[in-house]
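Below is one structure, written out as structure tokens, with a few remarks after it.
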Amino acid sequence: MNTVLTIAGQLLMLLTALWMLKTWQPKDETPGWFAAAFCSGLLVLSFAASSLLTHIIELEPMFWFKQLAFYAAFPLLSFVLLALAFKIDWPKEAWGRILLGVCGIYWLCQQTHNLNYLLVASALISSFAIARLLLIKATGVCVKQANLALSVAALASLIIILNSLQGNPVATELAAKWPLEFALGLLLASINRAFYLNNRSNA
């Protein structure tokens, strides 16, 4: 069951990332956050594709693909959601600097062995931002679709929290049944759905 959900999560990340690369292509006339979403999708796609290949052929998983997807792409996406929720319109150049800042945060968390908390913080911030973006500040967004996106993000956040509580035997047992990749696949799908609903309501 664990392996099935892991593969399902990787496949969900792959398909969502492909959709992101097609939809949020940075162009001169598009908002600056498109560049951040596109970059995040590219990082997640690299990880998901290489991970799925390891189930088919004998291939060593790429360490940096996972590190960049988990601890750079998802934190960057949480910043994008916050910017949209608080109606902050940063240009593409600013998002490049934010990505560098995210990489700095990643380095600090890696050195202090707190990468799990970085992922938890990203998931919780994303859930909060989705709630504010789609339910509190939204205009013209279907409430049912907004609630669905938020519910999926909340479920993903719960699984990510369980996976971070390695010292708790109950949490460890539950985390063994709900792999991190499955949670990240759900989280990426809900984040991308929030982008889509917000962009459509502002069109």
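The values are calculated or read from the model by the stated rules, or taken from the named source; none is laboratory data. Just so it is clear, the model here is predicted, and its values are computed rather than measured. Cβ sites come from the backbone with ideal geometry, for glycine too, and all protein chains shown count toward neighbours.
Here's the yes/no breakdown for (1) at pLDDT 95 or above; (2) within 24 Å of Leu155 (Cα to Cα); (3) of a type in the set (Phe, Trp, Tyr):
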{"site": "Pro91", "(1), (2), (3)": "no, no, no"}
{"site": "Gly96", "(1), (2), (3)": "no, no, no"}
{"site": "Cys103", "(1), (2), (3)": "no, no, no"}
{"site": "Asn114", "(1), (2), (3)": "no, yes, no"}
{"site": "Ala121", "(1), (2), (3)": "yes, yes, no"}
{"site": "Ser126", "(1), (2), (3)": "yes, yes, no"}
{"site": "Ala129", "(1), (2), (3)": "yes, yes, no"}
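Going by what's in this entry, would Ile191 be described as at pLDDT below 95, β-branched (Val, Ile, Thr) and under 19 Å from the mean Cα position of the chain (by Cα)?
Values: at pLDDT below 95: no; β-branched (Val, Ile, Thr): yes; under 19 Å from the mean Cα position of the chain (by Cα): yes.
Considered against the rule, which asks whether it is at pLDDT below 95, β-branched (Val, Ile, Thr) and under 19 Å from the mean Cα position of the chain (by Cα), Ile191 comes out as no.
Given the residues Leu134, Leu186, Leu180, which is the only one that is of a type outside the set (S, T, N, Q) and within 19 Å of Ala36 (Cβ to Cβ)?
Residue meeting the stated conditions: Leu134.
Report yes if some residue within the stretch 80-102 is under 22 Å from Arg193 (Cβ atoms) and small (Gly, Ala, Ser); otherwise report no.
Scanning the stretch 80-102 turns up at least one residue that is under 22 Å from Arg193 (Cβ atoms) and small (Gly, Ala, Ser).
For Leu21, indicate whether it is surrounded by fewer than 20 Cβ atoms within 10 Å (Cβ to Cβ), modelled with pLDDT of 95 or more, assigned to a helix (DSSP H, G or I) and in contact with a helix residue (DSSP H, G or I) (Cβ under 8 Å, 6 or more places away or on another chain). Talk me through it step by step, then tell me what you get.
Working: surrounded by fewer than 20 Cβ atoms within 10 Å (Cβ to Cβ): yes; modelled with pLDDT of 95 or more: yes; assigned to a helix (DSSP H, G or I): yes; in contact with a helix residue (DSSP H, G or I) (Cβ under 8 Å, 6 or more places away or on another chain): yes.
The answer is yes for Leu21.
Filter the helices (runs of 4 or more DSSP H) completely within the stretch 90-203 down to those with at least 1 residues that are among the aromatic types (Phe, Trp, Tyr) and under 18 Å from Ser40 (Cα atoms).
Of the helices (runs of 4 or more DSSP H) lying wholly inside the stretch 90-203, those with at least 1 residues that are among the aromatic types (Phe, Trp, Tyr) and under 18 Å from Ser40 (Cα atoms) span 92-111, 180-202.
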